Amino acid sequence: MRHVVAGTAGHIDHGKSALVQALTGIDPDRLKEEKERGITIDIGFAHLDLGGGLTLGIVDVPGHERFVKNMLAGVGGIDLVMLVVAADEGIMPQTREHLAICQLLRVKSGLVILTKADLAEPDWLELVREDVRGYLRGTFLDGSPIVAVSAKTGAGLDLLQGHLATLARAVPARGTDATFRLPIDRVFTIRGFGTVVTGTVAGGQITLDERVEIYPRQLQAKVRGLQTHGRPVSAAVAGQRVAVNLQGIERAAIERGDVLSLPGLLRPTFMLDATCELLADAPAPLKPRQRVRFHIGTSEVMARVHLLDAEQIEPGHRGYVQLRLEAPIVALPRERYVIRSYSPMVTIGGGELLDVAPAKARRSQSLVARLAVLEGGTPDAVIEEHIMRVGPGGARTADLRARTAFGPETLRGLLADLTARGRVLVVDREWYVHAEAAERLREAATAALVAFHRREPLKPGMSKEELRTRLGGLDERVFLHLLDRFAAEGTLAVEKDKVRLTSHQVRLDARQQASLERLESEFRDAGVAPPSLEEVFAKLHMTRAEHQALAQVLVDERRLVRIREGLYLHAEALHSAQARVVAFLRERKSITPQEIKDLLGISRKYAIPLLEYLDAQRITVRVGDKRVLREGASGGRRLAAD
Ligand SMILES: Nc1nc2c(ncn2[C@@H]2O[C@H](COP(=O)(O)OP(=O)(O)OP(=O)(O)O)[C@@H](O)[C@H]2O)c(=O)[nH]1
Ligand SMILES: [Mg+2]
């Protein structure tokens, strides 16, 4: 089964709806008001079996200039256009505007239908045909069939159907490797079923029972039923018109312009970077910060256009812009949009989205260069650009899904290729950092460490956490991964929670060396009943600042061991005390605080912290008011390890 969607276009009263009805037997005007006034107000739908498993869905649009907004909601997803021109009237304003819209949206093909042929003399018909042919020159419909028909007599309908079949067969099948998106064009309820939304699937596919999300409001629901052209189906794919019965959501929570997609895949945005081309017959140049009506998919929101590479865009010219929206939307790069001026409401231009999660733009050469890559670059250049821009923080596959036009399989392939070529680094599962961003981070880390070592020559290294903060507070997983990578490459060394340059060593001058030795011997001599650091500093007439650092050198070199806050034991004293306690325990099985005081000849002030230290080292374990050897603990091995 193949599905192709066509849309009518053309001036009011030129016979679009009558043609659709004559062709399909379905009246696309479904509103009471439409019947009463004899005009189309909102989009209507019909379908035509073209044989050979090919169905043509038809979106019929209103021609009235006040309803161009509705026309735009209808033609967003069409494959081909049926441009209707009444033979008795010829080309009129909305013939031009609708054709311009189809051109801006890059509708690929179509044909022109001269309706009401029964009202025109053959000569006149030929004149109109010539006129239209000339008018189409240079447009995407240049050289397309021009078919004269009469909805009244049925003349020309068979010929038209033949042309439609040929055009529909030539529409390339859309791939399924894309993010599922359905711009919603209608919402209603059916008694007994609940909420139903309809639209043309813009990408990917949807299946029965799947969980879905309505964007930009981000409400979830479940697909309870699917229909295409009135028949139930179990799945619907890109390019197909579909009605989706949703479970778990109120009709009032959804409106035209919302997008149905899969949970968590898309990210609402207020800003878009894009190309912008102004129609040659736009009434005025596009000015900086001009307020416009922005149309994408089935939605319309107000926006201001910020020009990124020009003072203004002249009619018939193009430029790069940032659109700042007054309400959020969801979209993906490569989608086309249309802008209309605020007043008068006329179509003035449109373009292609390049970045759906941009930073607030400031005009710069680099921004223009970046947008040129997003517009014209190869797929891997585009992915690289996205990963590069997020810097050392990297991008996850999910971020890239939400920011690029690539389907999951294409994306996987591109990322695997870039990884293999060393352009991006995988820092965690599904998390990518650009090699150049990592390189810049390495330079920043090195600079931070150089400064740190200069400032703190007696410290063995900077804490990882401090370095992470200095580098802008990267995500911890990314940071640790990159740190390991830099360490493996030999740039820096990581020891426990400290990072240093590989070249850094704590070097003491002669005076510092002498102070260090005096400091150490004070503790060595004091054994298991050491003084406080403050007492030692006072005794040795040392200044606090420098000698605190020297004491830390002793701690870093494990010559001094911190038992608890403010209490340091010399390593030799600690080890011999520990050996004696272990020997005592081997023989007597348990030891009380009183016994340890007697054993080591120390006061309670030292005995309790020492016991707690041994507990913390998992050498002893507390049972009531006694300590026993921890099962499996080997005093000897512990000592060696310390
Ligand atoms: N004689 C004749 N009249 C036609 C033909 N097609 C349409 N009409 C008449 O033209 C009028 C407008 O037809 P519609 O089909 O409503 O025109 P439309 O283009 O859909 O109009 P909007 O949707 O409002 O833009 C109606 O009165 C039709 O009966 C035709 O082939 N021959
Ligand atoms: Mg109509």
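The values are calculated or read from the model by the stated rules, or taken from the named source; none is laboratory data. Model, not experiment: these values are computed from the prediction. Don't worry about glycine lacking a Cβ; one is built from the backbone with ideal geometry, like all the others, and counts go over all protein chains shown. Accessible surface is based on the protein model in full, side chains and every heavy atom, while ligands, DNA and RNA are left aside. Shrake-Rupley method; radii C 1.70, N 1.55, O 1.52, S 1.80 Å.
Tabulated values for the structure
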item: Summed residue charge, Cβ within 11 Å of T24's Cβ, Lys/Arg positive, Asp/Glu negative; result: -3
item: Tilt relative to the chain, helix 510-526 - C-alpha long axis, 0 to 90 degrees, to 10; result: 70
item: Angle between the chain longest axis and helix 365-376 axis [Cα atoms, degrees, rounded to 10]; result: 60
item: Rg over Rh [alpha-carbon atoms, Kirkwood Rh] for the stretch 1-159; result: 0.93
item: Farthest toward positive dipole pole in the chain [+1 Lys/Arg, -1 Asp/Glu at C-beta], among G394, G76, A178; result: G394
item: Nearest-ten-degree value, helix 122-136 long axis tilted from longest Cα axis of the chain; result: 20
item: Calculated over the chain: convex hull of Cα atoms, volume per residue (Å³); result: 223
item: FRET efficiency, 1/(1 + (r/R0)^6) with R0 56 Å, evaluated for R66 and T446 via beta carbons; result: 0.30
item: Fraction of accessible area attributable to carbon and sulfur, the stretch 1-151 (%, probe 1.4 Å); result: 49
item: Of K605/K626; K69/K222; K459/K496; K496/K605; K16/K108; K32/K69, those spanning more than 24 Å from alpha-carbon to alpha-carbon; result: K69/K222; K496/K605
item: Inter-probe distance in nm under a simple model that places probes 7 Å from Cα toward Cβ, at L480 and L208; result: 4.7
item: For the stretch 150-206: rounded, prolate or oblate by the Cα gyration tensor [a/c cutoff 1.5]; result: oblate
item: Local net charge near V259, Cβ-Cβ under 12 Å (Lys/Arg +1, Asp/Glu -1); result: -1
item: Mean-position separation - Cα centroids, the stretch 458-490 and the stretch 541-608, in angstrom; result: 33
item: Simple label model, 7 Å out from Cα along Cβ direction - E430 to A357, nm; result: 1.3
item: Dipole of the chain, positive end: most advanced residue of T189, A155, T200 [Cβ charges, Cα centre]; result: T189
item: Cα gyration tensor shape for the stretch 480-536, rounded if a/c is under 1.5, else prolate or oblate; result: prolate
item: Paramagnetic reach from T189 in the stretch 231-268 [backbone N under 19 Å; point 7 Å along Cα→Cβ]; result: 244-256
item: Only Lys, Arg (+1) and Asp, Glu (-1) charged, at Cβ; the stretch 1-95 dipole about Cα centre in debye; result: 220
item: L159-R133 FRET efficiency (beta carbon distance; Förster radius 22 Å; 0.05 resolution); result: 0.80
item: Per residue, in Å², the accessible surface of the chain once ligands and nucleic acids are set aside, probe 1.4 Å; result: 46
item: Candidate aspartates and glutamates - alpha carbon under 15 Å from K35, same-chain residues fewer than 8 apart omitted; result: D13, D27, D60
item: FRET efficiency for R396 and S109, using Cβ-Cβ distance with R0 set to 51 Å, rounded to 0.05; result: 0.85
item: Dipole magnitude of the chain, debye to nearest 20 (Cβ charges: Lys/Arg +1, Asp/Glu -1, about Cα centre); result: 2560
